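> Can you keep this structure in mind? I'll have questions shortly.
Just so it is clear, none of the values below were taken in a lab; they were calculated from the coordinates. Here the structure is a predicted model, which means the values were calculated and not measured. Ideal geometry is used to build each Cβ from the backbone, glycine not excepted, and the neighbour counts take in all protein chains shown.
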């Protein structure tokens with residue numbers, strides 16, 4: 001079972017989840033799973049359709065915002081902003097290690113006017129270093 005790392009009270013990041021992790025997510029009260037991993041990146045890992053089916057069976061909403069090797073785009077950040085807009089959602093975002101999910105969460109927080117230092121501290125508390133994208137975070141927060 002994977003460790004779900006707390007970014008906020010309602011948003012957690014994780015490395016690649018397995019099908020049993022979906023049931024654990026349900027037991028932990030998650031209402032939305034966000035897949036930030038492109039299908040086929042690791043053919044031996046459960047693909048999006050498998051996680052989506054398990055989520056549906058467990059009564060958890062599922063969304064894909066894949067982040068590939070080309071990096072982040074503003075439409076992806078906007079999708080994450082929209083996905084996190086519900087005040088009553090408890091969200092589990094995953095990718096290979098949880099880093100891309102944390103980066104995307106950080107960018108969405110900054111776009112919503114979050115304080116870059118607080119975003120960085122929350123990510124670090126969860127075990128993720130967002131310094132590689134800190135200039136993007138600062139830019140989005142300054143808008």
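> Among (1) under 24 Å from residue 126 (Cα atoms); (2) without any contact (Cβ under 8 Å) to a residue 60 or more places away in the chain; (3) crowded, with 16+ Cβ neighbours inside 10 Å, which single condition is residue 13 missing?
(2)
> Give just the number: which of (1) touching a helix residue (DSSP H, G or I) at 6+ places or on another chain (Cβ under 9 Å); (2) not in a loop (DSSP other than H, G, I, E, B) does residue 38 not satisfy?
Of (1) touching a helix residue (DSSP H, G or I) at 6+ places or on another chain (Cβ under 9 Å); (2) not in a loop (DSSP other than H, G, I, E, B), only one is false for residue 38: (2).
> Looking only at the range 117-140, which residues are more than 17 Å from residue 6 (Cα to Cα), free of Cβ contacts under 8 Å to residues at least 60 places away in the same chain, touching a helix residue (DSSP H, G or I) at 6+ places or on another chain (Cβ under 9 Å) and surrounded by fewer than 20 Cβ atoms within 10 Å (Cβ to Cβ)?
131, 132, 134, 138, 139
> Could I ask something else about it? Exactly one condition in (1) touching a residue at least 40 places away in the same chain (Cβ under 8 Å); (2) surrounded by 17 or more Cβ atoms within 10 Å (Cβ to Cβ) is not met by residue 79; state its number.
Result: residue 79 fails condition (1) only.
> Which of the residues belonging to the range 50-67 are more than 14 Å from the chain's Cα centre (by Cα) and surrounded by 12 or more Cβ atoms within 10 Å (Cβ to Cβ)? If you could, list the steps in order and put the result at the bottom.
Within the range 50-67, the first condition is being more than 14 Å from the chain's Cα centre (by Cα), and the residues that meet it are 50-60.
Selection gives 50, 51, 52, 53, 54, 55, 56, 57, 58, 60.
> Shifting gears a bit: Taking the range 13-35, which residues are over 16 Å from residue 96 (Cβ atoms) and either in a loop (DSSP other than H, G, I, E, B) or within 15 Å of the chain's Cα centre (by Cα) (or both)? Working first, answer last.
From the range 13-35, those over 16 Å from residue 96 (Cβ atoms) are 19-20, 22-32; that's our starting set.
Correct list: 22, 25, 28, 29, 30, 31, 32.
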